[in-house]
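A short write-up of the structure that comes next.
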Amino acid sequence: MNTLTDLACELPDPLLERAIREADRLDLIDPEALRAALDNTPRRPGTGRLRSVLDAPTFELTDSELERRFLRLVHRANLPSPRTQALLNGYRVDFYWPTLGLVVETDGLTYHRTASQQKEDRIRDQVHTAAGLTVLRFTAFQVNFEPERTVATLTAVVSRLR
């Protein structure tokens, strides 16, 4: 906690968020436990800023910048926050709305380039669909360069599922 508090004095919000996510990924901290601990910590430089980053409606545990950009689109569309990195039907999914039965995957080229990776993506989608879920996939291009279309598609599907 002390290191993140010190970093909160120096880093801009996106880099502080990245540091928190990396500490979580390495099992060094649990963001929820960190947030609770801040309530019982004497104020010192950085604690207020760290608290505000953890409390921000856009702060979620994600694995990539693409996922963080997608979350901004979710919030821009005034949709409820999804669960991120949820384990579902034996697979970890990028975004999951349990009350809607909606799974969204964001596909960057790093993990979705080869025919083998794409085949595995389709199998995952089929497993989720067979379980009664709706699955959407958005490419990095769509999230980065077609945000209006991405928001419109997501909003239309959420409206149908409600």
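The values are calculated or read from the model by the stated rules, or taken from the named source; none is laboratory data. Here the structure is a predicted model, which is why all the values come from computation and not from measurement. As a convention, Cβ positions derive from the backbone with ideal geometry for all residues, glycine included, and neighbour counts pool all protein chains shown.
Scan the stretch 81-100 for residues that are at pLDDT 90 or above and closer than 15 Å to R68 by Cα and the total you get is 6. What are the residues in the stretch 122-152 that are surrounded by fewer than 16 Cβ atoms within 10 Å (Cβ to Cβ) and in a helix (DSSP H, G or I), if any? Result: R122, I123, Q126, V127, T129, A130, F141, N144, F145, E148, R149, A152.
Tallying residues that are within 14 Å of the chain's Cα centre (by Cα) and surrounded by fewer than 17 Cβ atoms within 10 Å (Cβ to Cβ) within the stretch 86-107 yields 3. In this structure, does L4 turn out to be aliphatic (A, V, I, L, M), exposed (fewer than 13 other Cβ atoms within 10 Å of the Cβ) and at negative phi? The answer is no for L4. Return yes or no: is D27 more than 28 Å from L161 (Cβ to Cβ), of a type outside the set (V, I, T) and modelled with pLDDT under 85? So D27 fits the description; yes.
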